[in-house]
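Chemist: Pasting a structure here, questions to come.
The values are calculated or read from the model by the stated rules, or taken from the named source; none is laboratory data. Predicted model, so just to flag it, every value in this text is computed and none were measured. Using ideal geometry, Cβ is built from the backbone for each residue, glycine included, and neighbour counts are taken over all protein chains shown. Accessible surface is based on the protein model in full, side chains and every heavy atom, while ligands, DNA and RNA are left aside. Shrake-Rupley method; radii C 1.70, N 1.55, O 1.52, S 1.80 Å.
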Amino acid sequence: MRILIVCLGNICRSPIAEGVLRHKVKRAGLAWIIDSAGTESYHVGEPPHHFSQKVCRANGIDISGQCARKFTASDFDKYDIIYAMGDDIYKEIQRIGGGKAIMSKVTFFLNESMPGSNASVPDPWYGEESGYTEVYKLIDKTCNTIIHKYGR
Ligand code: 4NP
């Protein structure tokens, strides 16, 4: 399994999901490839937001070595599943892919824990630290579902 998780800046939500899912995959003894990207290039080359790092560290996961990158059309060839953190991200993935977009690979991240909801992981960027804790909980629960669903 090769999984890509995509948000807007690749510094708040998707780096948490990358770190948490990679941690659970390793613990489950699975040989999956996990990566994350952003649909915008504002923060390319930067490490995850300090509150994203902090909430992961509090849960025993070190994401400090991760580095923001932009989603590109070639990602459709490299991954089996591409998770969008929200509706805006889903649409932007489709736009960036243009004629090469393989949208059968793309789904809403939260549809794994809330099937058919097409719900978005709230963007904590403009908020306070508590927002990152809430996002972590949502992501942690959803990653458990992903491991349970595909990890057999
Ligand atoms: P993310 O959050 O998409 O979860 O990484 C954001 C990060 C940066 C910005 C917006 C959202 N920004 O506008 O710079």
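Chemist: Restricting attention to the stretch 31-42, report how many residues are within 14 Å of the ligand (Cβ to nearest atom), closer than 16 Å to residue 5 by Cβ and surrounded by fewer than 21 Cβ atoms within 10 Å (Cβ to Cβ).
Modeler: Total satisfying the criteria: 1.
Chemist: In this structure, is residue 84 at pLDDT 95 or above and farther than 14 Å from residue 36 by Cβ? Can you show your working first?
Modeler: Numbers: at pLDDT 95 or above: yes; farther than 14 Å from residue 36 by Cβ: no.
It is false that residue 84 is at pLDDT 95 or above and farther than 14 Å from residue 36 by Cβ.
Chemist: State which residue pairs qualify: first residue open to solvent by less than 10 Å² (accessible area, probe 1.4 Å) and inside the stretch 14-29, second residue hydroxyl-bearing (Ser, Thr, Tyr) and outside any helix (DSSP H, G or I) in any location, beta carbons under 7 Å apart, and separation of 6 or more residues or different chains.
Modeler: Listed by first residue and then by second, the contacts come to 14/36; 15/36; 17/36.
Chemist: Does any residue in the stretch 51-78 that is in contact (Cβ under 8 Å) with a residue 24 or more places away in the chain and among the aromatic types (Phe, Trp, Tyr) come within less than 7 Å, Cβ to Cβ, of a residue that is open to solvent by 20 Å² or more (accessible area, probe 1.4 Å) and within 16 Å of the ligand (Cβ to nearest atom) six or more places away or on a different chain, and which pairs are these?
Modeler: Taking only residues 6 or more apart or on different chains, the pairs are 51/129; 71/96.
Chemist: With the structure loaded, tell me whether residue 134 is among the acidic types (Asp, Glu), within 16 Å of the ligand (Cβ to nearest atom), open to solvent by 30 Å² or more (accessible area, probe 1.4 Å) and not in a helix (DSSP H, G or I) or whether it fails that test. Spell out how you get there, then give the answer.
Modeler: Details: among the acidic types (Asp, Glu): yes; within 16 Å of the ligand (Cβ to nearest atom): yes; open to solvent by 30 Å² or more (accessible area, probe 1.4 Å): yes; not in a helix (DSSP H, G or I): no.
In short, no.
Chemist: Do we have residue 95 as within 20 Å of residue 136 (Cα to Cα), more than 14 Å from the chain's Cα centre (by Cα), without any contact (Cβ under 8 Å) to a residue 12 or more places away in the chain and not in a loop (DSSP other than H, G, I, E, B) here? Full working, then the answer.
Modeler: Details: within 20 Å of residue 136 (Cα to Cα): no; more than 14 Å from the chain's Cα centre (by Cα): yes; without any contact (Cβ under 8 Å) to a residue 12 or more places away in the chain: yes; not in a loop (DSSP other than H, G, I, E, B): yes.
For residue 95, the condition - within 20 Å of residue 136 (Cα to Cα), more than 14 Å from the chain's Cα centre (by Cα), without any contact (Cβ under 8 Å) to a residue 12 or more places away in the chain and not in a loop (DSSP other than H, G, I, E, B) - is not met.
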